[in-house]
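The values are calculated or read from the model by the stated rules, or taken from the named source; none is laboratory data. All values derive from a computational prediction rather than experimental measurement. Backbone-built Cβ (ideal geometry, glycine too); neighbour counts: all protein chains shown. All accessible areas refer to the heavy atoms of the entire protein, side chains included, with ligands and DNA or RNA removed. Shrake-Rupley method; radii C 1.70, N 1.55, O 1.52, S 1.80 Å.
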Amino acid sequence: MKNNHLVDRLGKFYLFYLGLLPVLATFAMVLANGLRWPMLIFLGGTGAVGVYLAATYSYTRLPNRVFPLLVMLLDGPLFVIVSLRDGLKPLAFAVEGYLIDGLAIWLSILILAFISPLPTRGQRFWSIFFMFIAVGVNVALFWPYLQQFAGENWGHLIWLLVGCTEATIASFLLVSKDDVIRSDDGSILFIGLFVMLWVVALFLGNILYEAGFLSS
């Protein structure tokens, strides 16, 4: 009974961690590089983060044992140690985790909208339109981070692409099967909370950037 209670707590904490990834990743990028086209990033990013959070809450399947959950929880902090050793930014684990998982979700929905006969033509058009915006806005936001590896470490960039490809395939299989794990009212709280935190991170990071926080 205690073990089941611990698994439940760890599972909720892991979902919290996944929801926090876009918040930390966006804050790190804006703090380091500032915010170009703030209204475009705000509008497109809010929708993109909302889709990421909705898919994360609905489709993330959690192990029912303590050890696999602990491994999932600790891989991010372990990447922090590796990132610092390799000279990457301290929040690189959040940036890359969100880049991979976010792009995987948006690309899987985009692919499904292209090939699925189920929605109407209008629904497919708007799905494709919004997913292109989601991908474009986030690539623009994280482009300075990707440029770092394009110029200095192609091997790391290739691993990012491999990770994104694998995650896109896995995400597409879940989305296409519509294998919903959670459909309770908690999704509204989950999405609302982390979208709000993302907006705060977006503008707080830009305020600190304009104030020269990192150079002080």
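Computed values, structure above
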read-out: Hits in the stretch 184-216 (condition: modelled with pLDDT under 90, among the polar types (S, T, N, Q) and part of a helix (DSSP H, G or I)); value: S187
read-out: Subset of the stretch 168-180 [at pLDDT 80 or above and either among the aliphatic types (A, V, I, L, M) or open to solvent by 50 Å² or more (accessible area, probe 1.4 Å) (or both)]; value: I169
read-out: Odd one out for L141, checked against (1) at pLDDT below 75; (2) closer than 23 Å to L18 by Cβ; value: (1)
read-out: Residue in the stretch 147-155 that is open to solvent by less than 60 Å² (accessible area, probe 1.4 Å), at pLDDT 75 or above and of a type outside the set (A, V, I, L, M) present; value: no
read-out: Tabulated pairs, the stretch 91-106, first over 18 Å from T46 (Cα atoms), second part of a helix (DSSP H, G or I) and aromatic (F, W, Y), C-beta under 6 angstrom, 6+ apart or interchain; value: F93/F79
read-out: Answer from M72, M39 - the residue that is part of a helix (DSSP H, G or I), modelled with pLDDT of 75 or more and aliphatic (A, V, I, L, M); value: M39
